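*Asks:* Once you've had a glance at the structure underneath, I'll fire off some questions.
Derivation of every value follows stated rules applied to the coordinates shown; laboratory data play no part. Keep in mind it's a predicted model, so treat the numbers as computed, not measured. Cβ placement follows ideal geometry from the backbone for every residue including glycine, while neighbour counts extend to all protein chains displayed.
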Amino acid sequence: MANTLPVFIGGECVSSTTDRTDPVRNPATQEILAHVPHATLAEIDSAVASAGKAFLRWRKTPLPERGRLMLKYQELLKRYEKDLVRILALETGKIAADAKGDLWRGIEVVEHAAGIASLQMGETAENIATDLDISSYRQPIGVCAGITPFNFPAMIPLWMFPLAIACGNTFVLKPSERVPMTPSRLVELFIEAGAPPDVLQLVHGGREQVDALLEHPDIRAVSFVGSVPVGQHVYRTGTAHLKRVQAMAGAKNHMVIMPDADKTQAVNALAGAACGAAGQRCMAISVVILVGEAASWLPDLQAAMASFQPGPWDSETASYGPQITPDARERILDFIRQGKADGATCLLDGSDCSVEGYPDGNWVGPTLLADVSPEMSVYREEIFGPVLVTLTVDSLSEALDIINANPYGNGTSLFTSSGAAARRFRHEVEVGQVGINIPIPVPLPFFSFTGWRNSFYGDLHAYGKQAVQFYTETKTVISRWAEDSPEDGRNPNLTIRLK
Ligand code: NAD
């Protein structure tokens, strides 16, 4: 009998008193791995109140001590890597290599947070007027909340709470109810690393719990990652309650292949970027625009994609795992049906995919739809599966027009051997992450993760320098100390007038 997961509230790992739980299923078998409780509103209140109390102490913890906690946490995440990868793979279905990547992209953020002392430096200048100096300090803002999606249950929570907490804040995490086991283990290890247990609280649930956090008067900032409709709801509701909100949302990422690109490199990179992680990545490539002669490379692309096959997480040969739920699979199959009905040419159809020994898995095979036009739903909507659609154009200008007219702007990529084309693309494309001869350009944590148009709502971006800004206030102090200032430190010139 699978366990019901606990919540972490007030420094304790406790059973929720809720009467609502959902099963967490292995997407390759439908086996129930655990039950996730939907925390009661009283539990959410109590988590926020406890985080608020913890903030009063935690904000005074010396910076090097906060950094040291992250070093210890990084060490534990590495020590329990195998255990974490297994839990993550079981609940997401990801193959071991993808599960490991998910964890390691998160570990890199923890490493970045360990250097918090230098990331929190303010600025100073002397003599902005006679005897007048100016300095700015970064200070934590209070209780922050994080709401995370199903597709990266280690990396995305780790984008959020380590940096927020290293900055001196306390945190309430509400992970996806579809993959709650990995985040639970992340929280346990954080406490084992020496974090005061009330600095990070964990509550589970869905819309009701998210709304309670968004409306809570004692939460100062909310980081969200998920789909566009929910991102819009989170941004609107959170800002209506006068909170800082950053909402990273959905995507439809284009790759442009110029005829002067290295064909083998471009085609292989594209097949991996479209099918890898079952297409369930916000940076997956889901549209390719073939320019001029590159249109003749479709058979090569079809062959490269056909070599990708799904399978269970511990398979030696599988290239990716199942879709997260039977509903997600059905939704993808609907898109494929609609694409064909709208006139797309289906060069590879993954609708009838099966994996030996796993009859109940949410499998979708690699799918390639050619002759797609921008009005079709397979082009307009985020499918979030191993489905690639192709468009053909005559020039880079046309490709840029298509990408810049698309409502999403998360990632994009250009394959070319022309420096001039690369420079133009980098300069003119209106998308957050841009790859040149790189299919999935995810920045390392010392840069920030961004998104344009419907892929991001807010102003300061995830991890990197901008996240430190998001999780802190700047306080600017202007001071005048005349030579005859009394030694007890009282400033005789309390009223400062800048001329
Ligand atoms: P989702 O929007 O369904 O869920 C995200 C979170 O919101 C979960 O914690 C969920 O419990 C909560 N939620 C769901 N419905 C809600 C509602 N009606 N009101 C309030 N909260 C609600 O997203 P998902 O399916 O878990 O994740 C996939 C999506 O996330 C894709 O669209 C993908 O592109 C996007 N994503 C974006 C990024 C990025 O950085 N831009 C990264 C990863 C995933």
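*Asks:* What spacing in nm lies between the two simple spin-label points modelled at Asp360 and Arg380, each 7 Å away from Cα in the Cβ direction?
*Replies:* 3.7 nm
*Asks:* With a bin width of 10 angstrom, please list the P(r) values of the range 228-275 as percents of all Cα-Cα pairs, from the 0 bin to the one holding the largest distance.
*Replies:* 22, 28, 17, 20, 12, 1
*Asks:* Relative contact order for the range 1-93 using alpha-carbon pairs under 8 Å, separation at least 6, rounded to a whole percent? Intermediate results must be reported in sequence, preceding the final value.
*Replies:* On the way: 90 pairs, mean separation 26.3, N = 93.
Reported as a whole number, the value is 28 percent.
*Asks:* Then there's this: Please list the radius of gyration and Dmax for the chain, considering alpha-carbon atoms only, with Å as the unit.
*Replies:* That works out to 24.6, 86 Å for Rg and Dmax.
*Asks:* Please identify every one of the trypsin sites (Lys or Arg not before Pro) in the range 54-148 that sits in a loop by DSSP and has no more than 12 other beta carbons within 10 Å of its own beta carbon. If you can, show how the numbers build up before the last one.
*Replies:* Details: sites: Arg57, Arg59, Lys60, Arg66, Arg68, Lys72, Lys78, Arg79, Lys82, Arg86, Lys94, Lys100, Arg105, Arg138; in loops: Arg59, Lys60, Lys94.
Sites meeting the loop and neighbour criteria: Lys60.
*Asks:* By how many nm would the segment from Gln139 to Met121 lengthen if fully extended, with 0.36 nm per residue of separation less the alpha-carbon distance?
*Replies:* Result: 5.5 nm gained on full extension.
*Asks:* Can you give the FRET efficiency to the nearest 0.05 for Ser373 and Ala2, using r as the Cβ-Cβ distance and R₀ = 45 Å?
*Replies:* On the way: r = 47 Å, r/R0 = 1.04.
Step by step, r from the Cβ atoms, then E = 0.45.
*Asks:* For the range 187-202, just list the computed ³J(HN,Hα) in residue order, Karplus coefficients 6.51, -1.76 and 1.60, θ = phi - 60°, integers in Hz, with x standing in for Gly and Pro.
*Replies:* 5, 4, 5, 5, 5, 4, 6, x, 5, x, x, 8, 6, 10, 10, 10
*Asks:* Could you name the lysines in cross-link range of Lys465, using Cα to Cα under 18 Å and dropping any fewer than eight places away on the same chain?
*Replies:* Straight-line reach from Lys465, under 18 Å: Lys475.
*Asks:* Where does the chain land at 222 nm, in deg cm²/dmol rounded to the nearest 500, when only DSSP H runs of n ≥ 4 count, each adding -39500 (n - 2.57), divided by all residues?
*Replies:* -11500 deg cm²/dmol
*Asks:* Quick one: which residues, 5 or more positions from Ile436 or on another chain, have an amide H under 5 Å from its amide H? H modelled 1.01 Å from N in the peptide plane, none for Pro or chain starts.
*Replies:* For Ile436, whose amide H was placed from the backbone, the distant partners under 5 Å are Leu414.
*Asks:* To continue, here is another question. Using 0.36 nm per residue, how much length does the chain from Arg20 to Glu428 gain when fully extended, once their Cα-Cα distance is taken away? Mind dumping the intermediate values first?
*Replies:* On the way: separation 408, 0.36 × 408 = 146.88 nm, distance 4.96 nm.
Length difference between fully extended and current span is 141.9 nm.
*Asks:* Could you pull out the GluC sites (Glu not before Pro) across the range 312-395 that fall in loop regions by DSSP (anything but H, G, I, E, B) with no more than 10 other Cβ atoms inside 10 Å?
*Replies:* Values: sites: Glu316, Glu330, Glu356, Glu375, Glu381, Glu382; in loops: Glu316, Glu356, Glu375, Glu381, Glu382.
Passing sites in the range 312-395 are Glu316, Glu356, Glu375.
*Asks:* Then there's this: In the range 153-209, which trypsin sites (Lys or Arg not before Pro) are in a loop and have at most 11 other Cβ atoms within 10 Å, using DSSP for the loop call? Can you show the working numbers first?
*Replies:* Values: sites: Arg178, Arg185, Arg207; in loops: Arg178.
Filter output for the range 153-209: empty list.
*Asks:* For Thr392, what is the net charge nearby, where nearby means another residue's Cβ is under 13 Å from its Cβ and Lys, Arg count +1, Asp, Glu -1? Mind showing how you got there, number by number?
*Replies:* Numbers: positive: none; negative: Glu293, Asp371, Asp394, Glu398.
Local charge sum for Thr392: -4.
*Asks:* Roughly how big is the range 1-61's charge dipole about its Cα centre, with Cβ charges of +1 (Lys, Arg) and -1 (Asp, Glu), in debye to the nearest 20? Before the final figure, lay out each step's value.
*Replies:* Details: 6 positive and 6 negative charges, 93 e Å.
So the dipole magnitude of the range 1-61 works out to roughly 440 debye.
*Asks:* What are the residues whose amide H is under 5 Å from the amide H of Asn253, where those residues sit 5 or more places off or on another chain and H is modelled from the backbone?
*Replies:* Ser286, Val287
*Asks:* Could you grab the Rg to Rh ratio for the range 37-100? Cα atoms only, Kirkwood for Rh. If you can, show how the numbers build up before the last one.
*Replies:* Values: Rg = 17.0 Å, Rh = 14.9 Å.
Value, to two decimals: 1.14.
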